[in-house]
Amino acid sequence: MRNCAYMEDFYKQKIVYPNMTKFLPFYLDDKGFLQNDKSFMIIGENIAYLTAFLNSSLFKYCFIDNFPELQGGTRELRKIFLDKIPVLQVSEKVNLEFEKRVMKLQELFMNKLSTKQMEIEIDEKIFDLYSLTEEERKIIGFIEIQ
């Protein structure tokens, strides 16, 4: 029975991400994609907000120093490293606001359109939630990892 319950998780809204990467591609999956053993998934509450946070410049700022660098400039995104990053708990209402933005961002990306403006908008919302000062916002800036 345990395997059946685990399989059900694939059909829930989830965040999908690779175990090793040079950039941070956290994808909000609402289509029930299956994965292979080279990726991980996160399920739970307020998953759209968490996707926005994990793709934000604030998280990228933390990512640079907190995830081990491997050969070729890749980083390892294992759960034990993700667990160390503090994430604010948000309401369902806030999560729904982020869901609209994240889905729009992913749509732009899939259509090969510029996502920078949407990424900056999401960053600003994340910075607001964390009550970052103007000075802190300038230090972090807009981080694009390629």
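Assorted remarks:
- In segment 104-123, the residue that is surrounded by the fewest Cβ atoms within 10 Å (Cβ to Cβ) out of those that are out of contact with any helix residue (DSSP H, G or I) (no Cβ under 8 Å at 6 or more places or on another chain) and assigned to a helix (DSSP H, G or I) is M110.
Residue by residue, here is whether (1) among the hydrophobic types (A, V, I, L, M, F, W, C); (2) surrounded by fewer than 20 Cβ atoms within 10 Å (Cβ to Cβ); (3) not in a strand (DSSP E or B) holds:
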{"residue": "E8", "(1), (2), (3)": "no, yes, yes"}
{"residue": "V16", "(1), (2), (3)": "yes, yes, no"}
{"residue": "F23", "(1), (2), (3)": "yes, yes, yes"}
{"residue": "N36", "(1), (2), (3)": "no, yes, yes"}
{"residue": "G44", "(1), (2), (3)": "no, yes, yes"}
{"residue": "Y49", "(1), (2), (3)": "no, no, yes"}
{"residue": "K60", "(1), (2), (3)": "no, yes, yes"}
{"residue": "G72", "(1), (2), (3)": "no, yes, yes"}
{"residue": "I80", "(1), (2), (3)": "yes, yes, yes"}
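- From E8, E69, E97, residue being within 24 Å of F142 (Cβ to Cβ) and modelled with pLDDT under 95: E69
The values are calculated or read from the model by the stated rules, or taken from the named source; none is laboratory data. Just so we're clear, the structure is a prediction, and the values are computed from it rather than from any experiment. FYI the Cβ positions are ideal-geometry reconstructions off the backbone, even for glycines, and counts take in every protein chain you see.
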